[in-house]
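Engineer: The structure is given below, and queries will be raised subsequently.
The values are calculated or read from the model by the stated rules, or taken from the named source; none is laboratory data. Note that the coordinates shown come from a computational prediction; the quantities given were computed from them, not determined experimentally. Please note: Cβ atoms are built from the backbone with ideal geometry, for glycine as well, and neighbour counts cover all protein chains shown.
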Amino acid sequence: MTLEVRESISTQHGKDAMLPTVRQVLHKKGHGVFTIAPDETVFDALDRMAAYNVGGLVVSESGRVVGIFTERDYARKLALLGHRSKDVKVSEVMSSPVLHVVPSQSVVECMALMTERRVRHLPVIEGERLIGIVSIGDVVKSIISGQAFMIDQLEHYISS
């Protein structure tokens, strides 16, 4: 995340603001992450994504995150160029290096990063370990939930 985005978030929300964190999102949704090896084919990746009903897979090698493969990678780097998914390795079309977040980051920081860099999936890394993934849908759901809670609290305060 760029320094400008971090400073903007700090200015808008204050350093002590109680913003939902990535850790809280993962606690609710779970820590499951679907992965694929870089030497597998794009066809294998698409088959796995369809089976799990997900829009992206983290590419890992020897337990280390080396890339991410998404529907966007397939559409822009393979399908439009006329390549066959059974002939191309994931490593040839994956996005790398991978943008990621840590569990302590706020969902507002995630939203800013996703918007600024135009990505829809962010692996969550703690230390050297992949512990989950958050999607734009997860982030939006968390923000809406937080706003609904705040509205409920304000309505309660006003009515009492």
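Engineer: Looking only at the range 98-138, count how many residues are among the charged types (D, E, K, R), within 10 Å of the chain's Cα centre (by Cα) and outside any loop (DSSP other than H, G, I, E, B).
Structural biologist: 1
Engineer: Output the qualifying pairs, or none if there are none: Cβ atoms under 9 angstrom, residues six or more apart or on different chains, first residue in the range 112-140 and in contact (Cβ under 8 Å) with a residue 60 or more places away in the chain and within 13 Å of His100 (Cα to Cα), second residue aromatic (Phe, Trp, Tyr) and in a loop (DSSP other than H, G, I, E, B).
Structural biologist: Ile133/Phe34
Engineer: Can you confirm whether the range 68-87 contains a residue that is within 17 Å of Val134 (Cβ to Cβ), surrounded by 16 or more Cβ atoms within 10 Å (Cβ to Cβ), modelled with pLDDT of 95 or more and of a type outside the set (S, T, N, Q)?
Structural biologist: Looking for residues that are within 17 Å of Val134 (Cβ to Cβ), surrounded by 16 or more Cβ atoms within 10 Å (Cβ to Cβ), modelled with pLDDT of 95 or more and of a type outside the set (S, T, N, Q), one finds at least one in the range 68-87, hence yes.
Engineer: Now, a different point. Out of all the residues in the range 58-74, which are of a type in the set (Gly, Ala, Ser) and within 14 Å of His121 (Cα to Cα)?
Structural biologist: Gly67
Engineer: Something else: State the number of residues belonging to the range 49-62 that are free of Cβ contacts under 8 Å to residues at least 60 places away in the same chain and either touching a Ser or Thr at 6+ places or on another chain (Cβ under 9 Å) or outside any helix (DSSP H, G or I) (or both).
Structural biologist: Selection size over the range 49-62: 7.
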